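*Asks:* Before I ask anything, let me first share the structure, which is written out below as structure tokens.
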Amino acid sequence: MLVLGIESSCDETGVALYDTERGLLAHQLHTQMAMHAEYGGVVPELASRDHIRRLVPLTEGCLREAGADYADIDAVAFTQGPGLGGALLAGSSYANALAFALGKPVIPVHHLEGHLLSPLLAEDKPDFPFVALLVSGGHTQFMAVRGMGDYTLLGESVDDAVGEAFDKTAKLLGLPYPGGAKLSELAKLGRPEAFVFPRPMLHSHDLQMSFSGLKTAVLTAVEKVRAEHGGEVPDDVRNDICRAFQDAVVDVLTAKSKQALLQTGFRTLVVAGGVGANWKLRDTFSRLSVAVPPAGGRGKPVEEAVNVYFPPMEYCTDNGAMIAFAGAMRLQDAQTAAAFGVKPRWPLSDIVKA
Ligand code: KG4
Ligand code: ZN
């Protein structure tokens, strides 16, 4: 079965072809980053209009890349939500119109399900069950994943998402939008502990997180540096701040991930979403283990290894491949339900198992 996947929830138009026998055959992406950069953030109306312009050429590009024709498509999967209403509608209208014209089913996909299944696109795939850490521009959540469609929310950020905190911090350091990736590159040049920022909710004994206070701590530090340096933030000090910010975020995510693994008893962690591209997170998680309290509560905790999976770098940020894949999995599971309506606000835990 050949599934065409359409992603248009925010500022990336992604199209891909996934074959249930042969795997991913083609995927193409257009990022609107440059278009939104001059406004310092995504302009929803511009995003919707650009998706409309890109969908047909990207689909034809994928068909050429896969050596396939429209008639070969067995189903059309699209991101139904969550995301920007107008941007979602562009993808939904296109997917529904194309599926109708081809006489094929349409498969609505939850954007976060796409992200959390994206590590399954790699050669070395995780087995169920696993803990998924979703870290994107809009969400920071821990999910217990027991199988396709079987997701339980374990905890989430009570305010800013991690990617959002990266982008806002980058902005206040004067880095161009979206600054998350740039901030993490500059963090490589920073000195350890030149600044130390708080680790919010580190000891909250649950899987809730908070990142907006961290951003405020950076703002306070930046104002102090500016006052001391004639209104400027020298490059080396900026790099130190980037490093301290990233270290604080990674510390919190590491501690909470360990807690999620202990709480569920799972020993597989899957990291998905744009912040999964972060080098420091990948590096720290490559050595992740959990300290399991000894039976009966006496003696030393036993360190147990954890298998950590990241999606291939190109599938970390928004893309059509993860939507085509999630659609194909749902098709195989006969979990298809044609729906034309979009769901701009749609918690992943509301998804129902067929
Ligand atoms: O998953 P994604 O592409 O879009 C959403 O669904 O939100 O995630 C985008 C987010 C942005 O906030 C971006 O700054 C962040 O992922 N991001 C990074 C890195 N690359 C992308 N954050 C930290 N380090 C990176 N290397
Ligand atoms: Zn996303």
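*Asks:* Pairs needed: first member in the range 298-322, within 12 Å of A16 (Cβ to Cβ); second member anywhere, more than 16 Å from ligand 2 (Cβ to nearest atom) and assigned to a loop (DSSP other than H, G, I, E, B); C-beta distance under 9 Å; at least 6 residues apart or different chains.
*Replies:* Y315/A122
*Asks:* Give the range 249-288 a look and list any residue that's under 19 Å from A144 (Cα atoms), in contact with a Ser or Thr (Cβ under 6 Å, 6 or more places away or on another chain) and either modelled with pLDDT under 95 or within 16 Å of ligand 2 (Cβ to nearest atom) (or both), or say none.
*Replies:* Answer for the range 249-288, where residues must be under 19 Å from A144 (Cα atoms), in contact with a Ser or Thr (Cβ under 6 Å, 6 or more places away or on another chain) and either modelled with pLDDT under 95 or within 16 Å of ligand 2 (Cβ to nearest atom) (or both): A272, G273.
*Asks:* Shifting gears a bit: Restricting to the range 207-246, name every residue that is exposed (fewer than 12 other Cβ atoms within 10 Å of the Cβ) and among the hydrophobic types (A, V, I, L, M, F, W, C).
*Replies:* A227
*Asks:* Sticking with this structure for a sec: Name the single residue, out of those in the range 289-319 being under 17 Å from Q259 (Cβ atoms) and crowded, with 16+ Cβ neighbours inside 10 Å, that is nearest to the chain's Cα centre (by Cα).
*Replies:* Across the range 289-319, the extreme among qualifying residues is V308.
*Asks:* Checking the condition more than 30 Å from V222 (Cβ to Cβ) and at pLDDT below 95, which residue from K171, K104, K125 passes?
*Replies:* K125
*Asks:* Next up: Please go through the range 125-163 and give me each residue that is among the hydrophobic types (A, V, I, L, M, F, W, C), within 18 Å of L214 (Cβ to Cβ) and part of a loop (DSSP other than H, G, I, E, B), ordered by number.
*Replies:* If the condition is that a residue be among the hydrophobic types (A, V, I, L, M, F, W, C), within 18 Å of L214 (Cβ to Cβ) and part of a loop (DSSP other than H, G, I, E, B), then V158, A161 are the ones that fit.
*Asks:* Then there is this: Tally time: how many residues in the range 170-202 are free of Cβ contacts under 8 Å to residues at least 60 places away in the same chain, within 15 Å of ligand 1 (Cβ to nearest atom), within 22 Å of the chain's Cα centre (by Cα) and not in a helix (DSSP H, G or I)?
*Replies:* 2
The values are calculated or read from the model by the stated rules, or taken from the named source; none is laboratory data. Here the structure is a predicted model, which is why all the values come from computation and not from measurement. For neighbour counting, all protein chains shown are included, and Cβ atoms are generated from backbone atoms with ideal geometry for every residue, glycine included.
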